[in-house]
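Only one structure is covered here, and it is reproduced in the block below.
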Amino acid sequence: MAYKMFAAIYVGSSEISMKIFQVNGRKTFRQIDSVSRILELGRDTYREGKLSRESIKMICEELEGLKHKMEEYKITEYRAYATSAVREADNMDLVLDVIEHTTGIRVQVLSNSEQRYISFKGLGADFHQVVSKNTAFVDVGAGSVQISLFDKNNLVVTENIPIGAVRVRDYLALIGHKSGRLDEIMADYVDNDIVSFRNIYLKDKEIKNIIAVGEVVSSLKKIVPELSIKDVITRAQFD
């Protein structure tokens, strides 16, 4: 059976990763390898508005390593995408130019809507069955939380809220040292946006399903295995 190798590279706000897939002639595929490295690019962008020289250098070094990995698998086809840490950086064009000149890898920056669309598609055919009833799709990232509401397979509303894990942590680092109640400070910081979203868009709607995705959600499940997604959303005052 004829098949080819394909690599998907992700330059995110808190990690750089690559997944390698084997694609056969029927357009089905299976993942055969993956590699990731924590790299908090969002810290630069969200604090300073641009990526530092050191961060750009680290991106290039990581991508060079991934390039060598692709060569081991004899991969010639790939896609490399970047999200908010690069998208929101004032020096985005410079960053992309340096990456391509240094590594030969061309990185495409996804718009917020493109990023969410890919997240939806990645859930597969079951997604349409799940969102046939009132469903909240929550994409928890390092820079923001995207909440999308579906009903009868239709997207009703989607809202990007800048309360991602890195932003919240940096806010606590800036403000928290002045007060010993970090939990209360974090709750107030997050609730302000979440409650506003709930009051404007949810009102009397009853959410039947919640789909949560993102590297932060995966981390929560590793840290607290018994914590369900509903618990996470409940603590964010969705119910």
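The values are calculated or read from the model by the stated rules, or taken from the named source; none is laboratory data. These numbers were taken from a predicted model, which means no experiment stands behind them. Quick reminder, even Gly has a Cβ in these numbers, built from the backbone with ideal geometry, and neighbours come from all protein chains shown. These accessible areas exclude ligands, DNA and RNA; they are computed on the full protein's heavy atoms, side chains included. Shrake-Rupley method; radii C 1.70, N 1.55, O 1.52, S 1.80 Å.
Overview of results
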quantity: Of all residues making up the stretch 89-119, the number that are surrounded by 17 or more Cβ atoms within 10 Å (Cβ to Cβ), assigned to a loop (DSSP other than H, G, I, E, B) and either within 14 Å of the chain's Cα centre (by Cα) or without any contact (Cβ under 8 Å) to a residue 24 or more places away in the chain (or both); calculated: 1
quantity: Looking only at the stretch 41-74, and only at residues there that are in contact with an Asp or Glu (Cβ under 6 Å, 6 or more places away or on another chain) and free of Cβ contacts under 8 Å to residues at least 60 places away in the same chain, the one that is most open to solvent (accessible area, probe 1.4 Å); calculated: Lys50
quantity: For Phe238: the one exception among (1) closer than 13 Å to Val145 by Cβ; (2) under 20 Å from the mean Cα position of the chain (by Cα); (3) modelled with pLDDT under 75; calculated: (2)
quantity: Among (1) closer than 28 Å to Glu15 by Cβ; (2) in contact with a Phe, Trp or Tyr (Cβ under 9 Å, 6 or more places away or on another chain); (3) modelled with pLDDT of 75 or more - the single one Val157 does not satisfy; calculated: (1)
quantity: Extreme residue, modelled with the lowest pLDDT, among residues of the stretch 1-60 that are farther than 25 Å from Ser84 by Cα and among the aliphatic types (A, V, I, L, M); calculated: Met1
quantity: Complete set of residues in the stretch 79-88 that are assigned to a loop (DSSP other than H, G, I, E, B) and of a type in the set (S, T, N, Q); calculated: Thr83
quantity: Residue list for the stretch 78-88, filter: more than 11 Å from Ile9 (Cα to Cα) and open to solvent by 60 Å² or more (accessible area, probe 1.4 Å); calculated: Arg87, Glu88
quantity: Among (1) at positive phi; (2) part of a strand (DSSP E or B), the one test that Lys74 misses; calculated: (2)
quantity: The stretch 128-148, residues that are open to solvent by 10 Å² or more (accessible area, probe 1.4 Å) and touching a strand residue (DSSP E or B) at 6+ places or on another chain (Cβ under 8 Å); calculated: Val130, Lys133, Asn134, Asp139, Val140, Ser144, Val145
